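Below: the structure, in structure tokens.
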Amino acid sequence: MKNLSKNFQIGIAEILRLLSTEILMILIPILGINILNLNNSSIGFAISLSSIGFLIFGYIAGLIADSWNRKYMMVTFLFIKSLLFGMFAYLALSSNLTELNYFLIIFLVGLVIVIIETTLTAWIPDIYSKEELAGINSLLQFSRSSANLLGPALGGVIIGIFGEELTMLFISCALLISSILMLGIKNPNKVTIERTRKLNIIKNIKYILKNNILKTIVLTTSTINFSMSMSGAIAIIFLIKDLKLSESLTGIILSLGGIGALLGSFITPRLIKKFDVLSVMIFGPIIPSFGLLFMGFSYGKAGIFVFITGIIFCYAARSIGSIARMTVQQIILPSHIRGEISGAMMMITWGMIPLGSMVGGLVSDILGLRAVLILAGILLIFSNFWMINSDIRKYRNKLSDEQVVL
């Protein structure tokens, strides 16, 4: 109960921030089609720009997170993100939105998202004790899952009623509120900030590869992100073309994945309490990870229910694994390098998202939409083998130490 106020502030701030990202994913194609009359390849390029920042800027973002006050970085970059959405709205309202500033603003928003995600990962262990990490990571995943569930439907309704321009203004205001909520959070733990860190990505990648737990987390998360983005790139087209669904029903079905994510965020802390965080990280996602493969075997009207079941299981697997992996990562990384190492890990793992999207689109032209879903499903199941075949279970007892050196 002592963290109730802080948990509320972070939970609401994160829901507002993540909703802005979910709605952005809807706005990108709508703005491209309705205002700029872009073709599909240009819109696909714009979507890739929103996530490519993790590939090219993830490590530097982590370096920044270790060099400055993390709380004020969160506040500052949430405010910058608010300004970018406000600028987006102004350009659209004034009929000055061009392809160049459309692509540029999306790219800049993507870079800001990288910094915020990296800084948040490094900041959370500064304001929560080690025993509280599983609980707060569950809350953060709950916020993300809520945004996954509500974002597509809410974005579609707001855009339909108020239009693209006012929707961007609403998002700008929501991000400003998120920034203010973060500003009100106190740092109970004194954290040493190093301002003389040097760019040494090779050294940090070696650090990750030498640490059995971190290496396994990177391999697992990279495979998950690649497979999920590979399927996400063509899931909408599959539902519309293969299952003959309307655009509105397609949006509703995709939103249902948030139910699985919410379920995962709810049960994971209880599983960790009953067993232990390493066991949940290794074995928790295995059964629900088969959900993506089910989605590839959806045929006819009955296939709609198969697809829904599959997407719920799929997002539950991602939620369970994400909470457990993040908790372990935060426990074993010392504070003074947490942002830098987390940034390097994000550069690799989240960098798989734009690559998976591009591969999914290319493979679908060759093998078809269903084949991509099946292939992505097999890859998601395979992601479990990095954990199962590793020797990290022997470090179970060491996670109770203040710092784990492997």
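Since every read-out is calculated from the coordinates, none of them should be taken as a lab result. Keep in mind the model is a prediction, meaning the values are calculated, not measured. Positions of Cβ are backbone-derived with ideal geometry, glycine not excepted, and every protein chain shown enters the neighbour counts.
Some points to look at:
- For the chain, the pair-distance distribution built from all alpha carbon pairs, in bins 10 Å wide starting at 0, is 5, 22, 34, 27, 10, 1, 0 percent.
- ILE35 versus GLU99: modelled label distance in nm, points set 7 Å from Cα along the beta carbon direction: 1.6
- In whole angstrom, segment 1-159 maps to an equivalent ellipsoid with semi-axes of 30, 18, 13, each derived as √(5λ) from the alpha carbon gyration tensor and ordered largest first.
- Based on the reciprocal of the average 1/r between different C-alpha atoms, the Kirkwood radius for segment 228-272 equals 12.0 Å.
- Note on TYR207, TYR72: ascending count of other Cβ atoms within 10 Å places them as TYR72, TYR207, the fewest first.
- In a simple Cβ point-charge model (Lys, Arg +1; Asp, Glu -1; nothing else charged), the chain has a dipole of about 1200 debye relative to its Cα centre.
- Taking a Cβ cut-off of under 12 Å around LEU150, the surrounding Lys, Arg, Asp and Glu residues balance to a net charge of 0, with basic ones at +1 and acidic ones at -1.
- Where a label projected 7 Å from the Cα of MET87 along Cα→Cβ would reach, residues of segment 106-121 with amide N under 20 Å: 106-117
- Under the span-like rule (Cα at least 20 Å along the axis, Kyte-Doolittle mean at least 1.0), DSSP H helices of the chain: 4-34, 70-93, 99-127, 133-183, 212-237, 302-332, 352-367, 369-388
- ASP276/LYS241 FRET efficiency (R0 51 Å; Cβ-Cβ; nearest 0.05): 0.70
- In the chain, helices alone account for a calculated mean residue ellipticity at 222 nm of -26500 deg cm²/dmol, with every DSSP H run of four or more residues adding -39,500 (n - 2.57).
- With neighbour counts taken as other beta-carbon atoms within 10 Å, the residues GLU99, GLU14 rank, fewest first, as GLU99, GLU14.
- Estimated FRET transfer efficiency when R0 is 41 angstrom, pair SER5-ASP391 (beta carbons, to 0.05): 0.50
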